[in-house]
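A short write-up of the structure that comes next.
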Amino acid sequence: MVDIVRLYLRRYQTTDAPIFLTGGSWASVRSIMVADAALGRGIPIRGVIVSAEGLSLATIGSDSYYANLIPGFAVIAQAHGKLTADLQTDRDKVVCAGAGMGL
């Protein structure tokens, strides 16, 4: 990945342009690793934007990781009109019901 950045900068003669990397979820870890490798090769990285909404290394491998996903899935189902009538109109009730399923 660092070679792609280096080749791009050289090809388009933008070696002085500020470089920002971004990554979401699992790519957030990758963007940090790319930044470290780039700095090691003399490519200045101005910043890294990490959006790790889907990543929680502390809970991977435990049931709590998956249980914590249920309220979000419930809200998505509500947005797509896939819930029963009593849950379709009350978002707070959906979140509470989803959280209760994860317990």
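Quick notes
- Test: residue in the stretch 22-39 that is among the hydrophobic types (A, V, I, L, M, F, W, C), out of contact with any helix residue (DSSP H, G or I) (no Cβ under 9 Å at 6 or more places or on another chain), part of a helix (DSSP H, G or I) and exposed (fewer than 12 other Cβ atoms within 10 Å of the Cβ): yes
- Residue within the stretch 24-32 that is at pLDDT 85 or above, out of contact with any Gly (no Cβ under 7 Å at 6 or more places or on another chain) and of a type in the set (Ser, Thr, Tyr) present: no
- Residues that are among the small types (Gly, Ala, Ser), surrounded by fewer than 14 Cβ atoms within 10 Å (Cβ to Cβ) and either at pLDDT below 75 or within 21 Å of the chain's Cα centre (by Cα) (or both) within the stretch 40-63 comprise GLY47, SER51, GLY54, SER56, ALA58, GLY61, SER62, listed in sequence order.
The values are calculated or read from the model by the stated rules, or taken from the named source; none is laboratory data. Keep in mind that what you see is a predicted model, and the values were worked out from it rather than measured. When we count neighbours, we look across all protein chains shown, and the Cβ atoms used for this are built from the backbone with ideal geometry, even at glycine.
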